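Participant: One structure, pasted below without further comment.
The values are calculated or read from the model by the stated rules, or taken from the named source; none is laboratory data. What you see is a predicted model; the values in this text were computed from it and never measured. Please note: Cβ atoms are built from the backbone with ideal geometry, for glycine as well, and neighbour counts cover all protein chains shown.
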Amino acid sequence: MKVVGLGQCSLDYITLLDGFPPEDAKKEVLDFTVQGGGPVATALVTLSRLGVKTAMIGRVSDDPAGDEIRRGLKAEGVDVKGLITKPGGRSQQAVVIVNKKAGTRTICWQRPTVEPLSEREVDPAFFKGAGFLLLDGLMTEASYKAAERAARLGIPVMLDAGSMRPGMLKLASMCDYVVSSDRFVSDLKLSIKEAFKKLRTGRTRAITVTVGDKGSFTFFEGKVYLQKAFKVKAVDTTGAGDVFHGAYAYGVIQGWDIKKIVEFASAVSAMKCRELGGRAGIPALTEALKFIKESK
């Protein structure tokens, strides 16, 4: 089985500082790394490390950042045939400032200058052998097309609802699993309970809302489940939500019950936070299972 993801990919420049710098000042960094980023892209890397075949559908340009994004995904075993290059522009990049003292991170990012994928570019061949689809809603029309195709093929779909974008509620109704951040719920101006009710439409079977170091709440088959966050010595939370989504998808395709799925996703996400960057700390399957066992 293969997991296909359609969405955002980025190149992240990540600095670790002992406190956030004041304006118009210089500050020496404690550590620095360059890693690939983006919700769907990092979720696919998570799945690859857990032993799942993956494929990325997205857009980059032919600039150095685009080349590095592609190289990084290929190095992780992600199939990049669907990562379409549009020449003459800039791929998405971000500068991430991690404050070691406060345990926070600030992201300054630049949108790609090339246009998003069109629905015509969502090639049916990309779905050959697919058993699961991941979306982040960034490229609206292409996401609709992919969700529609997945529905016709009987492929489960999961939406990473990180923040409210145009068309997100419609797209959520086209997905079997909606995993959102508390920011998305805040954008809806609803409580978590009210958000569960609003998102419980169309194909949606399960809804999970992550609330940072407090854990997550999941609505499934009429019940709400609380999963507490695993305690780790966190270095950097960059990409924690993206990793959560990848590990969540892993649990779904294994056929686990919802409580085990969310526990596993929470553990893998926590483990990621022990290292700088969105991908460096993503564990292999054996490491994740050992961590869960030892945490009980």
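Yes or no, residue by residue, for (1) of a type in the set (Phe, Trp, Tyr); (2) in contact with a helix residue (DSSP H, G or I) (Cβ under 6 Å, 6 or more places away or on another chain):
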{"position": "VAL185", "(1), (2)": "no, yes"}
{"position": "LYS193", "(1), (2)": "no, no"}
{"position": "PHE196", "(1), (2)": "yes, no"}
{"position": "THR204", "(1), (2)": "no, no"}
{"position": "VAL209", "(1), (2)": "no, yes"}
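Participant: What's the number of the condition ALA146 fails, among (1) surrounded by 21 or more Cβ atoms within 10 Å (Cβ to Cβ); (2) farther than 30 Å from ASP62 by Cβ; (3) of a type outside the set (S, T, N, Q)?
Facilitator: Status for ALA146: all satisfied but (2).
Participant: If you don't mind, there's one more thing I want to ask. Give the residues of segment 55-72 that are in a strand (DSSP E or B) and either in contact with a Ser or Thr (Cβ under 7 Å, 6 or more places away or on another chain) or surrounded by fewer than 17 Cβ atoms within 10 Å (Cβ to Cβ) (or both), sorted by residue number.
Facilitator: Result: VAL60, single match.
Participant: Please work out which one of (1) at pLDDT 95 or above; (2) surrounded by fewer than 17 Cβ atoms within 10 Å (Cβ to Cβ); (3) assigned to a loop (DSSP other than H, G, I, E, B) is the condition VAL95 fails and give its number.
Facilitator: It fails just one condition, (3).
Participant: Tell me, yes or no, whether segment 73-85 has at least one residue that is surrounded by 15 or more Cβ atoms within 10 Å (Cβ to Cβ), modelled with pLDDT of 95 or more and in a helix (DSSP H, G or I).
Facilitator: Looking for residues that are surrounded by 15 or more Cβ atoms within 10 Å (Cβ to Cβ), modelled with pLDDT of 95 or more and in a helix (DSSP H, G or I), one finds at least one in segment 73-85, hence yes.
Participant: Criterion first (out of contact with any helix residue (DSSP H, G or I) (no Cβ under 9 Å at 6 or more places or on another chain) and surrounded by 15 or more Cβ atoms within 10 Å (Cβ to Cβ)) does ILE107 satisfy it?
Facilitator: So ILE107 does not fit the description; no.
Participant: Can you tell me which residue among ASP236, ASP182 is of a type in the set (D, E, K, R), surrounded by 15 or more Cβ atoms within 10 Å (Cβ to Cβ) and out of contact with any Lys or Arg (no Cβ under 7 Å at 6 or more places or on another chain)?
Facilitator: Criteria check complete, one pass: ASP182.
Participant: Quick one: count up the residues across segment 145-161 that are in contact with a Pro (Cβ under 9 Å, 6 or more places away or on another chain) and small (Gly, Ala, Ser).
Facilitator: 1
Participant: Is it the case that ARG279 is surrounded by 17 or more Cβ atoms within 10 Å (Cβ to Cβ) and either within 16 Å of ARG105 (Cα to Cα) or of a type in the set (Phe, Trp, Tyr) (or both)?
Facilitator: It is true that ARG279 is surrounded by 17 or more Cβ atoms within 10 Å (Cβ to Cβ) and either within 16 Å of ARG105 (Cα to Cα) or of a type in the set (Phe, Trp, Tyr) (or both).
Participant: Report every pair of residues separated by at least 6 positions or lying on different chains whose Cβ atoms are under 8 Å apart, first residue within segment 67-89 and without any contact (Cβ under 8 Å) to a residue 60 or more places away in the chain and on the phi > 0 side of the Ramachandran plot, second among the polar types (S, T, N, Q) and assigned to a helix (DSSP H, G or I).
Facilitator: Pairs that qualify, where the first residue is without any contact (Cβ under 8 Å) to a residue 60 or more places away in the chain and on the phi > 0 side of the Ramachandran plot and the partner is among the polar types (S, T, N, Q) and assigned to a helix (DSSP H, G or I), are GLY77/SER48.
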